[in-house]
1. Over the chain, give the accessible area per residue in Å² for a 1.4 Å probe, as an integer.
2. Take every Cα pair under 8 Å in region 115-188 that's 6+ residues apart, average their separations, divide by the length, and report that relative contact order as a whole percent.
3. Given points 7 Å out from each Cα along the Cα-Cβ axis, report the Asp73 to Asp258 separation in nanometres with one decimal.
4. In whole angstrom, note down how far apart the Cα centers of region 81-124 and region 7-66 are.
5. Just the projected area, averaged over all directions, of the convex hull on the alpha carbon atoms of region 45-165: how many nm²?
6. What percentage of the solvent-accessible surface of region 149-266, computed with a 1.4 Å probe over protein heavy atoms, is contributed by carbon and sulfur atoms?
7. So which trypsin sites (Lys or Arg not before Pro) in region 48-121 pass both tests, a DSSP loop state and at most 15 other Cβ atoms within 10 Å of the Cβ?
8. Under a point spin-label approximation (7 Å from Cα along Cα-to-Cβ), what is the Asp119-Lys61 distance to one decimal in nm?
Amino acid sequence: MSETDGTVGEARVLIAAFEGWSDAGAATTTVLQHLGGLIEAEPLHAIGADGFVDFQVHRPKLSFDDSGRRVLDWPETRLYGTVRRPGSPVPAPNETIHRIDGSPVEDLFLLAGVEPARDWPAFAEEVVELVAAWEIDTVIIVGAYFSDSPHSRPIITALSSDDPGTRARTGATRSDYEGPVGIGSVLELALGEAGIPVLALWAQVPHYVHSAPSPKATLAILDKLEELLDVVIPRGDLLAEANEWESNIDRIAAADEDMASYIRTLEEARDAATAPETTGEAIAHEFEKFLNIDPRDFTDE
């Protein structure tokens with residue numbers, strides 16, 4: 001790892017994200033999908049869903065395989081990575097994640113799944129064993145939560161770690177949040193106790209557009225990951241999608257004076273307090289408000 005430049009260098013890095021509670025605006029799952037496509041990720045290992053997932057909430061999916069048979073796809077947590085086979089062509093830099101010299105990144109791993117419904121300690125233990133087996137050097141857990149943030153301003157991200165060395169290398173802060181948590185925090189503690197450096201990267205998503213994916217938040221997370229990993233991550237169509245997302249909200253607000261007025265209030269608050277909002281204390285305050293929100297407030301019913 002780099003000692004002074006704010007990156008994790010050329011370490012073997014795992015980026016983890018979970019569907020559900022910590023995936024506001026589908027920002028984190030879209031991050032993993034985007035990265036997976038760029039590195040041609042293939043499944044390497046699966047943590048079975050049985051005992052962890054509530055199948056009435058996350059149901060298995062039925063599909064047809066290449067031979068026409070009906071098969072079930074269970075909501076497992078899967079580890080993905082790049083598999084380079086002899087003779088396979090090396091992708092062009094603009095088609096994959098690459099270092100500054102153009103060489104492709106092949107030591108990046110992704111962990112994707114739904115947030116478990118039960119037995120989190122056992123699940124965390126399986127993740128720790130998986131990280132050790134694949135000799136992962138650093139784990140980055142990404143999350144996104146709804147907050148009082150305006151869609152028209154840059155998405156705020158926060159980077160934290162309990163490990164002093166990791167904070168010194170990356171510029172992360174130590175979170176002082178106390179309260180209810182998700183599986184990400186459970187994994188942070190379990191991995192930390194196993195001596196594995198962990199970073200938590202969170203993005204704020206405007207709560208008033210909760211029913212639509214937020215490509216702008218996805219971009220904000222990718223920007224921070226690019227900085228942390230000291231690599232180049234092609235953005236593909238995400239920039240155009242983010243611009244369209246923002247323009248669509250602008251059009252809706254233009255026809256709704258109450259919404260427009262509310263957004264102006266958020267913009268004024270952001271502009272008046274940009275520096276304080278980037279502190280760990282302010283991020284923790286926003287996170288605490290998010291944790292105490294009734295999920296039913298964000299349904300269409």
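The values are calculated or read from the model by the stated rules, or taken from the named source; none is laboratory data. Computed from a predicted model, the values in this text were never measured in an experiment. Virtual Cβ from ideal backbone geometry, glycine too; neighbours counted across all protein chains shown. For the accessible areas, the whole protein counts, side chains as well, though only heavy atoms, and no ligand, DNA or RNA atoms are used. Shrake-Rupley method; radii C 1.70, N 1.55, O 1.52, S 1.80 Å.
1. On a per-residue basis, the chain sits at 51 Å².
2. 37
3. With each label point 7 Å from Cα toward Cβ, the separation is 4.0 nm.
4. 11
5. 13.2
6. Carbon and sulfur atoms account for 51 percent of the accessible area of region 149-266.
7. Sites meeting the loop and neighbour criteria: Arg69, Arg84, Arg99, Arg118.
8. About 2.5 nm, to one decimal.
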